[in-house]
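Bear in mind these aren't lab numbers, they're just calculated from the coordinates by the rules spelled out. Predicted model only: the values in this text are computed from it and were never measured. Note that we place each Cβ from the backbone using ideal geometry, even for glycine, and neighbour counts take in every protein chain shown.
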Amino acid sequence: MIKNTVPEHIAMIMDGNGRWAKERNLKRTAGHSAGAEVVRNITAHCGNIGVKYLTLYAFSTENWQRPKLEVEFLMKLLEKYLKKEVNVYLENGIRLKAIGDISKFSKSLQKTIKQTEEKTANGKKLTQILALNYGSKSEIVNEFYDKEQFIYDTKTEKWKTKFNPENYKAK
C-alpha cells in the first residue's frame with residue numbers, strides 16, 4: 001500500500017496575478033493584492049500539513065522591466081505584507097528566509113526583510129523562503145534539474161510529482 005506522504009519542500013513560481021486580474025477586468029495591482037492573500041493561505045496550509053520548506057519565487061530580476069508604478073506597488077505590497085504577517089509567522093512557528101539580491105530594494109524594505117528574518121529566526125514549523133531579485137528562469141530550471149519535486153500546475157490545478165524542465169524552459 002502506498003502511504004499518503006507530504007513533501008518536505010514545495011517551491012512555487014508566483015506568476016499570473018496580472019493575467020488573473022485582467023480576466024476579471026481588474027487592475028494588475030488587484031491581482032497582486034489577491035496573490036498576497038493566496039500566499040498567506042498556501043503558507044498556512046503548508047505549515048498545517050507538515051511541509052518543512054516553502055520556497056516562493058516572488059520577484060525576479062526580469063520583474064524590474066515591468067512598468068515603474070507596478071514595481072513600486074509590488075515593493076510597497078511586500079513591505080506591508082511582511083509587517084502585517086510577522087505576528088502570524090511568530091504565532092505559527094514560521095521562519096522567513098529571504099534569498100536573492102535585496103540590495104536593490106529601498107533601505108526601508110531591506111530593513112523590514114531583515115527584521116522579519118530576525119524576529120522569526122526561531123520558527124520550527126515551516127521555513128518560508130522568499131526568492132527576491134533572483135536570476136532568470138533558466139537558473140531555476142537548473143536548480144531543480146534531475147531532482148524529484150512536487151510541482152503544482154496552476155493550469156490543471158493538480159500536483160505533479162516529477163519536475164520536467166522541458167515544461168519550464170526560459171523564454
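Between V71 and K124, the C-beta separation translates, for a Förster distance of 41 Å, into a calculated FRET efficiency of about 0.75.
In plain terms, the C-alpha convex hull of the stretch 42-82 casts an average shadow of 3.5 nm² when viewed from every direction.
With a Förster radius of 35 Å applied to the beta-carbon distance between I99 and N25, the computed FRET efficiency rounds to 0.50. In terms of Cα atoms, the Rg and Dmax of the stretch 12-92 work out to 13.5, 39 Å.
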